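The structure under discussion appears below in the form of structure tokens.
Quick note: the coordinates plus some simple rules give every number you see, no bench work behind them. Everything quoted here is computed from the prediction, not taken from an experiment. Backbone-built Cβ (ideal geometry, glycine too); neighbour counts: all protein chains shown.
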Amino acid sequence: MKTSSQQPSATFSEELDLRYLELLKAKAPYEQCKRELLQLEKRWLRKANTSAQRLSVQRIIASTILTEAYGDRMPWKEFGRWLRRIQQLGFRDLGMRVHVTCLYVQLLHLFPRQAREAWGMLEDAERRVRRLRRENPLREEHMEAIAHARKVARVPLPPLR
């Protein structure tokens, strides 16, 4: 997926990184970030040649917007929309699953009614991480992220009914 412009072609990831960095440096508000990321998604979806490329673009944009929603402490209506979108598209890999789940658990104080689902997702992600070989460096990295999310979560796992 290359751009067709007079400047050197950039990949989707390169363009996303550059645009996102500009937004961060400008301290752009959430709505502006979301709007510009969705415009970028639309442009790259037109350039995509396969359904796999389109799915990849959609997943990455949804994950980036969810991360922004987390950073701006958006309410459930907005955060939940992007969480559901990522779940619908499917996680690209275990790293994305862990990242999204950790954000969800850490933001539960804004929507405690979702606690059972968020903690269930965290337990599922942890089971998946534990299946990685012990020598896999991602195993330790993911386990640390999960441990951190558990430690800083302000809403505990609700008791079973």
Original post:
What is the Cα coordinate range of the range 80-152 on the first, second and third principal axes, sorted by size from largest, in whole angstrom?
Top reply: 37, 28, 14
Subject >> Qualifying GluC sites (Glu not before Pro) in the range 47-156, DSSP loop, other Cβ atoms within 10 Å at most 11 >> reply: Glu135
Original post:
Hey, what angle do you get for helix 94-106 against the long axis of the chain, alpha-carbon based, 0 to 90 degrees rounded to 10?
Top reply: 60
**OP:** Could you grab the relative contact order for the range 61-158? Cα pairs under 8 Å, six or more apart, rounded to a whole percent.
**Re:** 30
**OP:** Express the C-alpha Rg of the chain as a ratio against the empirical globular expectation 2.2 N^0.38 Å, rounded to two decimals.
**Re:** 1.13
Original post:
Using a ≥ b ≥ c from the Cα gyration tensor of the range 7-102 (square roots of the eigenvalues), is it rounded, prolate or oblate, where a/c under 1.5 gives rounded and otherwise the larger of a/b and b/c decides, a/b for prolate?
Top reply: oblate
Original post:
Dipole of the range 13-161, Cα-centred, from +1 at each Lys and Arg C-beta and -1 at each Asp and Glu C-beta, to the nearest 20 debye?
Top reply: 500
Original post:
What angle, in degrees between 0 and 90 and rounded to the nearest 10, separates the Cα long axis of helix 137-152 from the longest principal axis of the Cα atoms of the chain?
Top reply: 60
Original post:
For the range 31-72, what is Rg from Cα atoms divided by 2.2 N^0.38 Å, rounded to two decimals?
Top reply: 1.18
Original post:
What trypsin sites (Lys or Arg not before Pro) does the range 1-93 have in DSSP loop regions with at most 13 other beta carbons within 10 Å?
Top reply: Lys27, Arg73
Original post:
Among all the lysines, which ones have a C-alpha under 29 Å from Lys151's C-alpha, if same-chain residues fewer than 8 places away are not counted?
Top reply: Lys27, Lys77
Subject >> HN-Hα J in Hz across the range 30-46 - Karplus 6.51, -1.76, 1.60, θ = phi - 60°, x for Gly and Pro >> reply: 3, 4, 5, 4, 4, 4, 5, 5, 5, 5, 4, 4, 4, 4, 6, 5, 5
Subject >> Whole-Hz couplings from phi, Karplus 6.51/-1.76/1.60, listed for the range 118-134; x for Gly and Pro >> reply: 4, 5, x, 5, 5, 4, 5, 4, 5, 4, 5, 5, 5, 6, 5, 4, 4
**OP:** Using the charge dipole of the chain (Lys, Arg: +1 at Cβ; Asp, Glu: -1 at Cβ; taken about the Cα centre), state which of Met121, His148, Met74 has its Cα farthest towards the positive end.
**Re:** Met121
